[in-house]
Amino acid sequence: MDVVDIDSDSRNAVIRRITETRETLAASEFYSSFRELYKRVLSTVWKHDGVNTDRQIDYEEHGAAITTFDKPIDLKTCCCGVNHAQTEPATDIHGKTAGEITHSVTCHHGVYNHVDHRHYETSTFACEKVDMPRIHSAAGTCGIHDRPGSNTELACYGLGNFASCVIARYQLALLCCLRDDLKIPGSKCFVYDPRFTTVEKDILQELQFTLIQHNEEGKRQVCGRTVFYMPHCGKPLYNNLLWANWGPGLTDMVVVGNSFCNMNENLPSRIFIEQVPYISRILPFTEEHQIENSFMYDDIFNDSSVHTFPQDKIGNIPQKFWQERPVPRYPEDDIEIILSKHDNI
C-alpha cells in the first residue's frame, strides 16, 4: 500500500501519539537500561576527546526532559533549550550521525589464520559477554560531555513512516530521547528516509531535526564524533557508511543498529564477504554492545547493538589495509536499499 499524506486532524493525532510514545518509552525500564549503557560506552570510546570523566551529569535534571507539544505547532524552542524563533529549520547537504546503545555484550571478533600487510583473513568469530567497566570519580559515575552536545552530531537513516507505523514511532521516540539526553542541537541532528511523506518531514522540522535533502545511500562522511542511529536498516547502508569513512577516522563513529555479529552468523561466509565486504573486513576490530531487548514490544528494538571502533584496535591496523577501497555496488532490484537516482558519491 502506498503511503499518503494526512489531513490536519490526523496530523494533530500523529503529534499526540508521538508525545505519548516518547513518554511511555522514557519511563520504561528498557530506556533506563539503554541510557545507562550508552552513557558508559560513549564515555569509554571518546574518553580522550572532550568527554568529561571528572564529574557526574544529572540526566534526570539536565538531559532527560521530554519535549511535548503543549505549545502551538509552530513551536521554535527545541529540546536542546535553544530558542530558534529567529531561524528557519536547517537543511543539510553533507551530514553526520546517529546512534544508541544498551547492554553489556562486547563481541570480540578475530581469530586470524593469516595476517600480513596486504590483507586480513578472518576464520572464526567468537562473541563473548563482558561487563563494561564503570568510570568513577569523586563525584560518581562519569558524565558524557564537558559541553553537552557541542562536539557531537547525530544522524538517523531508515526511521520509517512514523505517522502510520507504531514501530517507526517508537524508533523516533528513541531518537528524540537520545538527542535530549546528549543535548545535541537540532542543527546537528540529521534524519533521512526516502519514504518520508511531506507531513512527516514537516513534523520532523517542528521537532527541530535537520532534514537530509537527498538520498545519500548511507555514504555520509563524518567530520567529528558522530552517533548513527539506523534502526533495522538493510545491510548495504551499514556497508556504505563504513566505506565512506574507511580509515582511522572510524574511531569517531558510533553505530546503533542491526547486530554486525548476527549478520556474520546468519549468512554463509562467502555471501557475507561478497555482499558487505566492509562490514566483514572491519568486524575483527569492532566492539559490539548488545541492546537488551526488554521493551514491552519485542519487535521494535530486537537484534540491535551499539558498535564502536576503539582506537586501541583501529590504531594498530597497517595503512595498506585501508588502501583497498572499491566503491560498493548493488543490484537495482536489491530489496535492502533504495538507490539514489543520481550519483552522489
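Taking into account only those residues within segment 300-326 that are under 27 Å from Ser43 (Cβ atoms) and free of Cβ contacts under 8 Å to residues at least 12 places away in the same chain, which is least open to solvent (accessible area, probe 1.4 Å)?
Asn302
I'm told Pro284 meets every condition in (1) surrounded by fewer than 23 Cβ atoms within 10 Å (Cβ to Cβ); (2) under 24 Å from Leu339 (Cα atoms); (3) not small (Gly, Ala, Ser) except one. Can you identify the failing condition by its number?
Only one criterion is unmet by Pro284, namely (2).
Just checking, which of Tyr278, Tyr297, Tyr330 is out of contact with any strand residue (DSSP E or B) (no Cβ under 8 Å at 6 or more places or on another chain) and under 30 Å from Thr21 (Cα atoms)?
Answer to the selection: Tyr297.
Against the condition under 14 Å from the mean Cα position of the chain (by Cα), open to solvent by less than 20 Å² (accessible area, probe 1.4 Å) and farther than 24 Å from Asp299 by Cα, how does Leu178 come out, does it pass?
Details: under 14 Å from the mean Cα position of the chain (by Cα): yes; open to solvent by less than 20 Å² (accessible area, probe 1.4 Å): yes; farther than 24 Å from Asp299 by Cα: no.
No; evaluated as a whole, the condition is false for this residue.
Search segment 33-45 for residues that are of a type in the set (Ser, Thr, Tyr) and pair each with any residue that is modelled with pLDDT of 90 or more when their beta-carbon atoms are under 7 Å apart and the residues are at least 6 apart or on different chains.
Partner pairs satisfying both residue conditions: Ser33/Glu292; Ser33/Ser294; Tyr38/Val306.
Need a quick list: strands (runs of 3 or more DSSP E) entirely within segment 120-204 having at least 1 residues that are touching a Gly at 6+ places or on another chain (Cβ under 7 Å), at pLDDT 95 or above and within 26 Å of Tyr278 (Cα to Cα).
Where strands (runs of 3 or more DSSP E) fall fully within segment 120-204 and carry at least 1 residues being touching a Gly at 6+ places or on another chain (Cβ under 7 Å), at pLDDT 95 or above and within 26 Å of Tyr278 (Cα to Cα), they are 153-157, 189-192.
Under 6 Å between Cβ atoms, at least 6 apart or on separate chains: pull out the pairs that start in segment 233-252 with a residue that is within 17 Å of Phe285 (Cβ to Cβ) and end on any residue that is polar (S, T, N, Q) and part of a helix (DSSP H, G or I).
Between residues of segment 233-252 that are within 17 Å of Phe285 (Cβ to Cβ) and residues that are polar (S, T, N, Q) and part of a helix (DSSP H, G or I), the close pairs are Thr251/Gln311.
Tally the residues that are surrounded by fewer than 16 Cβ atoms within 10 Å (Cβ to Cβ) and within 19 Å of Ile273 (Cα to Cα), restricting the search to segment 327-345.
Within segment 327-345, residues that are surrounded by fewer than 16 Cβ atoms within 10 Å (Cβ to Cβ) and within 19 Å of Ile273 (Cα to Cα) number 6.
On the basis of being surrounded by fewer than 22 Cβ atoms within 10 Å (Cβ to Cβ), farther than 19 Å from Gly218 by Cβ and of a type outside the set (Ser, Thr, Tyr), does Pro277 make the cut?
No, not satisfied.
The values are calculated or read from the model by the stated rules, or taken from the named source; none is laboratory data. Nothing here was measured: the structure is a model prediction, and the numbers come from that model. Using ideal geometry, Cβ is built from the backbone for each residue, glycine included, and neighbour counts are taken over all protein chains shown. Surface areas here come from the heavy atoms of the whole protein model, side chains and all, with no ligands, DNA or RNA. Shrake-Rupley method; radii C 1.70, N 1.55, O 1.52, S 1.80 Å.
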